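Just below is one structure, and these are the notes that go with it.
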Amino acid sequence: MRASFSSDLDQGQGKNLIITMSDVTRERLLAQQIRYQATHDPLTDLPNRRLLLELLQQELARSERHGHLGAVMFLDVDRFKNINDSLGHRVGDKLLQEVACRLRRRLRQEDTAARLGGDEFVILVTEVGHTLSNAALNSQHLANDLLDSFGLPFEVDGYELHLSVSIGVTLFPAGKDTPEDLLQQADVAMYSAKECGMREARLFLPDMQQALDRRLEIESGLRAALNSDGFT
């Protein structure tokens, strides 16, 4: 409810008071709905990339201020495309909703699970430790717990579906890393986990990024050599 007031002096005999009121409840509810739709994944109702980056920026500042470490965990569902291709997108979508529910149940109230799109999920873990060694150990325990949670099958439309996930983990704050940097690091660590055979968790190390950069450099060089008849 919004109110406005005005008054004037009526020839020395007193004040006249005019009150106008309007109900803005509907406007506020509409604004909240628009904000929610812009910051949440419509399929799983989890925060989307936009909201995740906002929350991560806030947590970065809080971690630096209070001297504790947090973690970003990048989860990718192994061989999800096979399920989508064989059983259809409707079953695939329901399966992603079940994955989101299972993630919520395994996390603390202060942690956040988000969906970036497809079969990619990210978990923002707050206050995971006060030293690098302690934070790494606690993150590994949580990652292993998440891996174990996917050992139980999912029941979707009469199908018993068995899933596994690969997890990449990075810790923060570290240097001048931005939220986007942290997502990239966790993504790189996740692909390292997949290369180890899937259903694995890996902590990001700088040499992972260096190896990835070197591989991309080699691939670019090979393409350029092919285009310029550089092979005999």
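Some observations on this one:
- Pairs of Lys residues in the chain are counted when their Cα atoms are under 29 angstrom apart and they lie 8 or more places apart or on different chains; the count is 4.
- Projected over every direction and averaged, the convex hull enclosing the alpha-carbon atoms of the chain yields 22.9 nm².
- A Förster radius of 41 Å, combined with the Cβ-Cβ distance separating R65 from R106, puts the computed FRET efficiency at roughly 0.90.
- On a per residue basis, the chain carries 60 Å² of accessible surface, using protein heavy atoms and a 1.4 Å probe.
- Efficiency of FRET from Cβ geometry, S86 and T178, R₀ 30 Å, rounded to 0.05: 0.15
- In the chain, helical runs assigned H by DSSP with n ≥ 4 each contribute -39500 (n - 2.57); averaged across all residues and rounded to the nearest 500, the mean residue ellipticity at 222 nm is -16500 deg cm²/dmol.
- Ranked by solvent-accessible area (1.4 Å probe, protein heavy atoms only, all chains present), the residues T126, T131 order from largest to smallest as T131, T126.
- For the chain, the longest principal axis of the C-alpha atoms and the axis of helix 179-195 are separated by about 30°.
The values are calculated or read from the model by the stated rules, or taken from the named source; none is laboratory data. Bear in mind the structure is a predicted one, so any value in this text is a computation, not a measurement. So basically every Cβ, Gly included, is an ideal-geometry build from the backbone, and we count neighbours across all protein chains shown. Surface accessibility is based on the protein's heavy atoms, side chains included, excluding ligands, DNA and RNA. Shrake-Rupley method; radii C 1.70, N 1.55, O 1.52, S 1.80 Å.
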